[in-house]
Amino acid sequence: MQWNLEQLRQFVAAAELGSISAAARQAGKAQSAVSTAIGLLEVDLGITLFDRSRHKAGLTDVGQSMLLEAKEVLRQADALEQRARSFARGADARLAVALDEALPYSAIRVLLRELSIRFPDLELTLLDGSPDEVVGAIEQQRADIGFHFNRGRPNTRFDQRHIGLVQQGIFVSRMHPLARKKRVLKTDLSQHRQLILQADNAEQIAYSTKLWHSDNHYSIAEMVADNLGWAILPINVAEYFDYAKTLMPLVCSTIALPLLSVQMLWLPGQQLSAPALWIAARFTELLQTGQATTARSADA
């Protein structure tokens, strides 16, 4: 078979425009040239694409089926050409990003929608996990960049950039004894089980001697919703649509909770690609404009 992409394009144009002469006019070619190209395609494929027994040639049943196949072949060919051009321009064709599962989902949704428009040829891989899993993905080079909450000492194994701040709060189930208090003190919290994040880079303070640990913010939120204890959570996690009706914030005048710092991580010496730099800048803007505290339900 000697058929080529140009013959496929002539065939698709004739089929969509309704005639070979219309396809020739669109391509700026002689009708005989387009007719010959389609005829050779039929010979190469061993099938009849157009019924020429009538004054105006129309697609045969086989031609109707082959039209769909031809369009798909041309789509893949165009995608291949665009990808090759991206490589030729030196554009970064792939990017793997590790995300802390507790990051504000509403901001990430906006980020991904805009990324798809800004870098349409980018092959993106997202790795979603606990803080330790984000660090592991960078160390094992399964991710080029990572974003997580910085909860402890600076990690000297990575280059880092501050991205933004996210609010956190103290939450209990509406059935919890503390839920009946308008204000609580540290002494009140110390009498009840605290559900606390456990991760290599986390230094969450324990206010109670009764502790349960988890490396997943949403697992902690589930346990709080099940009235198993109280927890300090990012606001966006507590406002997740599954928990918004079951969790309530506590007002504690004797604990000053700091804002959580969102940081970007990458391996030292690594050259950040254009998509990675754009993500860092845009994520910073989204956190500054209030996207961080919008519940997931708002985007559902």
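The values are calculated or read from the model by the stated rules, or taken from the named source; none is laboratory data. No experiment lies behind these values; they were computed from the predicted model shown. Using ideal geometry, Cβ is built from the backbone for each residue, glycine included, and neighbour counts are taken over all protein chains shown. Protein only, heavy atoms only, side chains kept; ligands, DNA and RNA dropped before computing areas. Shrake-Rupley method; radii C 1.70, N 1.55, O 1.52, S 1.80 Å.
Counted as qualifying within segment 112-174 are the strands (runs of 3 or more DSSP E) with 1 or more residues that are surrounded by 14 or more Cβ atoms within 10 Å (Cβ to Cβ), under 21 Å from the mean Cα position of the chain (by Cα) and β-branched (Val, Ile, Thr), namely 145-150, 159-166.
Of the residues making up segment 221-240, one or more are among the aliphatic types (A, V, I, L, M), free of Cβ contacts under 8 Å to residues at least 60 places away in the same chain, open to solvent by 30 Å² or more (accessible area, probe 1.4 Å) and part of a loop (DSSP other than H, G, I, E, B).
Among all positions in segment 9-29, there is no residue which is over 18 Å from Ser65 (Cβ atoms), more than 41 Å from the chain's Cα centre (by Cα), open to solvent by 80 Å² or more (accessible area, probe 1.4 Å) and modelled with pLDDT under 90.
Checking Ala77, Ala33 one by one, the residue that is in a helix (DSSP H, G or I) and at pLDDT below 90 is Ala77 and no other.
Take the conditions (1) farther than 15 Å from Ala179 by Cα; (2) more than 19 Å from the chain's Cα centre (by Cα); Val251 misses just one of them, which is (1). Pairing each residue of segment 114-142 that is under 25 Å from Glu81 (Cβ atoms) with any residue that is modelled with pLDDT under 90 and not in a loop (DSSP other than H, G, I, E, B), provided the two are 6+ apart or on different chains, yields C-beta distances under 7 Å for Asp121/Gln82; Asp121/Arg83; Asp121/Ser86; Glu123/Arg94.
In segment 30-41, the qualifying residues are those that are surrounded by fewer than 15 Cβ atoms within 10 Å (Cβ to Cβ) and among the aliphatic types (A, V, I, L, M), and the one that is nearest to Gly63 (Cα to Cα) is Ala33. Within segment 192-220, the residues that satisfy the criterion of being closer than 17 Å to Leu250 by Cβ, surrounded by 14 or more Cβ atoms within 10 Å (Cβ to Cβ) and not β-branched (Val, Ile, Thr) are His192, Arg193, Gln194, Leu195, Gln204, Tyr207, Ser208.
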